[in-house]
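The values are calculated or read from the model by the stated rules, or taken from the named source; none is laboratory data. In this text, all values refer to a predicted model and were calculated from it rather than measured experimentally. In this analysis, Cβ positions are derived from the backbone assuming ideal geometry, glycine residues included, and neighbour counts consider all displayed protein chains. Accessible surface areas use protein heavy atoms only, side chains included; no ligands, DNA or RNA. Shrake-Rupley method; radii C 1.70, N 1.55, O 1.52, S 1.80 Å.
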Amino acid sequence: MKILFITLFPGLIEDNFSHSILKRGREAGLIEVFSIDPRSFTKDRHRTVDDTPFGGGAGMVLKPEPFIAAIKKARETLPDAPVVMLSPDGQTFSQGKAVELAKNKGIIFVCGHYEGFDERIKAFADMSLSIGDYVLTGGELPALVISDAVCRLLPGVLGAFESTEAESFSDGLLEYPQYTRPAAMEEGEVPAVLLSGDHARISRWRRKESLRKTLENRPELLREVKLQQDDGKLLLEIIKEQMKAHG
């Protein structure tokens with residue numbers, strides 16, 4: 001996977017890919033990272049990339065010329081890669097979108113700052129994405145969040161692809177609780193079923209707890225998930241247990 005960031009702060013990008021799993025993926029040749037600074041396409045001695053908005057208003061708007069030129073250069077470098085603009089008005093990013101993006105051989109991220117992009121820049125993007133309904137100082141952090149979610153799906157990056165298959169959102173549900181040694185301590189004990197060695201019981205427990213966590217924390221997800229054959233029975237058990245616990 002080749003990932004190209006159009007950013008005013010290339011150092012932020014480089015530092016992110018210099019640690020942990022992403023670093024190992026990069027060293028193994030599974031991830032290649034590039035940056036293009038729009039300032040390289042400015043023509044004034046101050047390398048100006050923003051200006052005041054027409055019509056008045058607070059803040060500064062990113063100028064179209066340097067960003068459009070940077071996007072064109074990026075497309076020359078990665079001609080088949082989708083151009084993803086990070087913007088509050090974009091589609092909300094999800095695990096499904098991460099899976100979709102991971103199918104590409106490359107991605108181009110366009111990171112903004114200040115009061116946003118001149119609207120003419122947006123015509124050069126294939127899609128706009130947002131990571132949530134809040135405001136950040138720039139598009140680098142959202143781009144890095146998305147690239148992290150995408151890169152960990154690439155075969156070989158995590159070492160064992162199976163480790164991504166039971167994670168939260170992989171099937172639309174939150175992940176079941178996880179435990180490791182020691183089995184017993186003052187703060188609590190590991191559920192006995194996980195120590196039983198009975199894989200069928202463990203699988204059922206995990207599915208039930210995944211449904212329980214989703215129902216209690218993100219019930220809206222259940223409207224979209226494709227339920228399995230026994231999920232209705234498990235949900236009924238969970239609801240009865242909740243009613244009993246609350247008297």
For region 220-238, which positions are of a type in the set (Val, Ile, Thr) and over 17 Å from Trp205 (Cβ atoms)?
Val225
How many residues of region 41-73 are at positive phi and either modelled with pLDDT under 95 or among the small types (Gly, Ala, Ser) (or both)? The answer is 4
Go through region 35-50 and count every residue that is surrounded by 13 or more Cβ atoms within 10 Å (Cβ to Cβ) and of a type outside the set (A, V, I, L, M).
9
Scan region 114-132 residue by residue and report those that are part of a helix (DSSP H, G or I) and touching an Asp or Glu at 6+ places or on another chain (Cβ under 7 Å).
none
Does region 240-247 include one or more residues that are open to solvent by less than 50 Å² (accessible area, probe 1.4 Å) and on the phi > 0 side of the Ramachandran plot?
no
Counting only residues that are part of a loop (DSSP other than H, G, I, E, B) and without any contact (Cβ under 8 Å) to a residue 24 or more places away in the chain, how many does region 81-105 have?
1
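A quick yes/no check of all residues on (1) modelled with pLDDT of 95 or more; (2) more than 16 Å from Glu237 (Cα to Cα); (3) out of contact with any Asp or Glu (no Cβ under 8 Å at 6 or more places or on another chain):
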{"position": "Glu175", "(1), (2), (3)": "no, yes, no"}
{"position": "Tyr179", "(1), (2), (3)": "yes, yes, yes"}
{"position": "Ala183", "(1), (2), (3)": "yes, yes, no"}
{"position": "Gly188", "(1), (2), (3)": "yes, yes, yes"}
{"position": "Gly197", "(1), (2), (3)": "yes, yes, yes"}
{"position": "Ala200", "(1), (2), (3)": "yes, yes, yes"}
{"position": "Trp205", "(1), (2), (3)": "yes, no, yes"}
{"position": "Glu209", "(1), (2), (3)": "yes, no, yes"}
Taking region 15-34 and the residues there that are closer than 15 Å to Lys105 by Cα and in a helix (DSSP H, G or I), the one that is most open to solvent (accessible area, probe 1.4 Å) would be Arg26
Considering residues that are surrounded by fewer than 17 Cβ atoms within 10 Å (Cβ to Cβ) and within 24 Å of Arg120 (Cβ to Cβ), the number found within region 81-99 is 4
Of all residues making up region 35-63, the number that are in contact with a helix residue (DSSP H, G or I) (Cβ under 7 Å, 6 or more places away or on another chain), among the hydrophobic types (A, V, I, L, M, F, W, C) and not in a strand (DSSP E or B)
2
In the list Leu86, Leu22, which residue meets the criterion of being aliphatic (A, V, I, L, M) and in contact with a Gly (Cβ under 9 Å, 6 or more places away or on another chain)?
Leu86
Residues that are loosely packed, with under 15 Cβ neighbours inside 10 Å and assigned to a helix (DSSP H, G or I), drawn from region 210-222
Glu216, Asn217, Pro219, Glu220
Across region 179-209, what is the number of residues that are surrounded by 10 or more Cβ atoms within 10 Å (Cβ to Cβ), assigned to a loop (DSSP other than H, G, I, E, B) and not charged (D, E, K, R)?
5
If you go through Val157, Val135, Val225, the only one that is open to solvent by 80 Å² or more (accessible area, probe 1.4 Å) and assigned to a loop (DSSP other than H, G, I, E, B) is Val135
Output the qualifying pairs, or none if there are none: Cβ atoms under 7 angstrom, residues six or more apart or on different chains, first residue in region 106-130 and in contact (Cβ under 8 Å) with a residue 60 or more places away in the chain and open to solvent by 30 Å² or more (accessible area, probe 1.4 Å), second residue outside any loop (DSSP other than H, G, I, E, B) and of a type outside the set (Val, Ile, Thr).
Tyr114/Asp50; Tyr114/Leu62
